[in-house]
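Inspection log for the structure reproduced underneath, given as structure tokens.
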Amino acid sequence: MGAVSGEGVCGIAQTLVMSPLRLPRTHNLEPRARRFLFMVETVARLLELQELNITLRETEIVHGTANSPDLCALKERVQALREQVNMDHLARFDRLMRQGLAVVRLHNDNCEGCNIGIARGDVNRMVTGKLEPICPHCGRFVLAS
Ligand SMILES: [Zn+2]
């Protein structure tokens, strides 16, 4: 991965710098470990995307939608992150963001999105990469660490 060139969000062709997120190289890992890293990376990107979306909304409320340099930079980052998340996860993320938060934490095995407990066994499977870290009750991405 490196940099991709393309039409910028604000209509200016520019180079997008890829996510600074660095994870170990995955080619020599067993499939489960690779899936696990993939989901950790996905949830980390979605969490950043969620924070950026909230900032973007607030910026637009305060300053309007005119493209200031800050707003452009924000949109570029959003675009770069979106390109690094697969379509299914992105679709789920967008649907959830329309209703509130898409990525939530677990508190004592309770999903902070819907407040319903997730079975300990499922949490363990999420932590070890055997199960996608998605709340079985509300479908939000959960930070299961
Ligand atoms: Zn939930």
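The values are calculated or read from the model by the stated rules, or taken from the named source; none is laboratory data. Just so you know, these numbers come straight off a predicted model, no measurement behind them. Using ideal geometry, Cβ is built from the backbone for each residue, glycine included, and neighbour counts are taken over all protein chains shown.
Quick check on the range 17-51: of everything there that is among the small types (Gly, Ala, Ser) and assigned to a helix (DSSP H, G or I), which residue is modelled with the lowest pLDDT?
Out of the qualifying residues, it is 33.
Output yes when any residue across the range 52-60 is surrounded by 14 or more Cβ atoms within 10 Å (Cβ to Cβ), out of contact with any Asp or Glu (no Cβ under 6 Å at 6 or more places or on another chain) and not in a helix (DSSP H, G or I), and no when none is. Step through it out loud before you land on a result.
So the first thing to find is which residues in the range 52-60 are surrounded by 14 or more Cβ atoms within 10 Å (Cβ to Cβ), and the list is 52-53, 55-56, 59.
Okay, now just the ones that are also out of contact with any Asp or Glu (no Cβ under 6 Å at 6 or more places or on another chain), so 52-53, 55-56, 59.
Adding the requirement that they be not in a helix (DSSP H, G or I) leaves none.
Looking for residues that are surrounded by 14 or more Cβ atoms within 10 Å (Cβ to Cβ), out of contact with any Asp or Glu (no Cβ under 6 Å at 6 or more places or on another chain) and not in a helix (DSSP H, G or I), one finds none in the range 52-60, hence no.
Among the residues of the range 100-109, write down those that are assigned to a loop (DSSP other than H, G, I, E, B) and within 12 Å of the ligand (Cβ to nearest atom).
If the condition is that a residue be assigned to a loop (DSSP other than H, G, I, E, B) and within 12 Å of the ligand (Cβ to nearest atom), then 100, 101, 102, 109 are the ones that fit.
Could you tell me how many of the residues in the range 110-145 are within 11 Å of the ligand (Cβ to nearest atom) and touching a Lys or Arg at 6+ places or on another chain (Cβ under 6 Å)?
Residues flagged as within 11 Å of the ligand (Cβ to nearest atom) and touching a Lys or Arg at 6+ places or on another chain (Cβ under 6 Å) within the range 110-145 amount to 2.
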